[in-house]
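Peer 1: Supplied in structure tokens, the structure appears directly below.
The values are calculated or read from the model by the stated rules, or taken from the named source; none is laboratory data. For clarity, every value in this text was computed on a predicted model and none was experimentally measured. As a convention, Cβ positions derive from the backbone with ideal geometry for all residues, glycine included, and neighbour counts pool all protein chains shown. SASA here: full protein model, heavy atoms, side chains in, ligands and nucleic acids out. Shrake-Rupley method; radii C 1.70, N 1.55, O 1.52, S 1.80 Å.
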Amino acid sequence: MTKQVKKKPRWSHKDLLGLEYLSREDIELLLDTGDSFREILDRSIKKVPALRGKTVVNLFYEPSTRTRVSFEIAAKRLSADVINIATETSSVKKGETLNDTGKNIEALKADVIVVRHNCSGAAAMLARNVNISIVNAGDGWHEHPTQGLLDIMTLRKKLGHIEGLKVSIIGDIAHSRVARSNIWGLTKLGAKVTVCAPSMLIPPGIEKMGVSVADDIDDALGEADAVNVLRMQLERDEKAMFPQQSEYFKTFGITEERLKKAKKNIVIMHPGPINRGIEISSKIADGANSVILEQVTNGIAVRMAVLFWLSQAKRDK
Ligand code: CP
């Protein structure tokens, strides 16, 4: 009898810039590793030594609660040292460029920079200019890969698989890096994705990403196994493009009434922060079908997986 040799998992990326640039195998490796790390979070001593001696720097040019805290906890659970740079109180205020800040953090011997920036492509530019690992924690409207991963991890834990699932993404698709990362990740894993929003919030040509577009929210909800509800990005400059909030809630808001026509066990996700009463009602956000807070917890596990594999890739060189 021939002995089956288990293939050693491989990770060859220096950076995590987007799910567009990962293979199905890369994504599954991160999800499987995230599942293993998730168990550590329920232990009384929530720490393993995997990143002992490594330094992770959180460099956030935009506000964040979930992503920044989650990366900090993820790094600490792996025993890394963590530095948080608040750009408001750093030399960014004196005009230092992103590249110069990144090169100085590299010179300070950090191993990973987790960067959030309002410009699409900022993380990729930094990755080209430093030798240490860059993790994109959200760049403009481009991608938010760890949010995509934690959404997919939550869905996979809840429903057992991704292949063949019908997932609807509802809301401000045009301005959403979360939508883009979800679309790349879900379609690579074989889900059928539908996007739904007022026409001004659907980017032209989105079908080329392998998704269907629904104008009517009842169509988007009808057959869906899960729905990812996006936030109306009220802080953006393009507010003139946005529909009236009360009108939006009436036409596209996720409410109890609307969910009566959906599958009984439909999974309700939201990346946060929530605008209650605009894109989702409080009853649904806090109700039995919602996995919104599970997403937040799973975010730590999947970010542990990302930091772990980036550190492995560097050691393999
Ligand atoms: N989902 C998300 O990115 O939330 P924060 O902006 O709080 O990080």
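Peer 1: With a Förster radius of 30 Å, plug the Cβ-Cβ distance of K158 and I274 into 1/(1 + (r/R0)^6) and report the FRET value to the nearest 0.05.
Peer 2: E(calc), rounded to 0.05, equals 0.95.
Peer 1: Using heavy-atom solvent-accessible surface (probe 1.4 Å) with all chains present, what is the largest-first order of Y21, Y61, Y248?
Peer 2: Sorted by accessible area, descending: Y21, Y61, Y248.
Peer 1: While we're looking at this one, here's another question. Where does the chain land at 222 nm, in deg cm²/dmol rounded to the nearest 500, when only DSSP H runs of n ≥ 4 count, each adding -39500 (n - 2.57), divided by all residues?
Peer 2: -11500 deg cm²/dmol
Peer 1: How do I45, I206 rank by accessible surface area computed with a 1.4 Å probe, from largest to smallest?
Peer 2: From most exposed to least exposed: I45, I206.
Peer 1: For the stretch 34-192, what number results from the quotient of the Cα radius of gyration and 2.2 N^0.38 Å?
Peer 2: After normalising by residue count via 2.2 N^0.38 Å, the value is 1.12.
Peer 1: Students often forget the sequence filter, so: which aspartates and glutamates lie under 15 Å Cα-Cα from K54 once same-chain residues fewer than 8 apart are removed?
Peer 2: E72, D81, E106, D111
Peer 1: Would you mind checking which residues have amide H under 5 Å from V195's amide H? H placed 1.01 Å from N; only 5 or more apart, or other chain.
Peer 2: Close amide H contacts, sequence-distant or interchain: I169, S212, V213, A214.
Peer 1: Return the lysines within reach of K261: Cα separation strictly under 20 angstrom, same-chain partners fewer than 8 residues apart disregarded; answer none if there are no such residues.
Peer 2: Those lysines meeting the cut-off are K166, K192, K250, K283.
Peer 1: What is the dipole size for the stretch 134-264, taken about its Cα centre, with +1 at each Lys and Arg Cβ and -1 at each Asp and Glu Cβ, in debye to the nearest 20?
Peer 2: Around 500 debye, computed over the stretch 134-264.
Peer 1: Against the globular-protein guess of 2.2 N^0.38 Å, express the Cα radius of gyration of the chain as a ratio, rounded to two decimals.
Peer 2: That works out to 1.00 for the chain.
Peer 1: Over 10 Å intervals from 0, what percent of Cα-Cα pairs in the stretch 145-295 sits in each interval?
Peer 2: Cα pair-distance distribution for the stretch 145-295, in percent: 11, 47, 36, 5, 0.
Peer 1: Another one. Take the alpha-carbon centre of the stretch 248-288, take the same for the stretch 84-163, and report the distance between them in whole Å.
Peer 2: 30 Å
Peer 1: If a/c stays under 1.5 just call it rounded; otherwise compare a/b with b/c (prolate if a/b is bigger, oblate if not). Do that for the stretch 22-70, with a ≥ b ≥ c from the square roots of the Cα gyration tensor eigenvalues.
Peer 2: oblate
Peer 1: Now for a separate question. Filter the cross-link list K76/K103; K14/K76; K47/K263 down to pairs whose alpha-carbon distance in this structure exceeds 30 Å.
Peer 2: Correct reply: K47/K263.
Peer 1: If you take the square roots of the eigenvalues of the alpha-carbon gyration tensor of the stretch 183-223 and sort them as a ≥ b ≥ c, do you get rounded (a/c under 1.5), prolate (a/b over b/c) or oblate?
Peer 2: Judged from the Cα gyration tensor, the stretch 183-223 comes out oblate (a/c at least 1.5, b/c at or above a/b).
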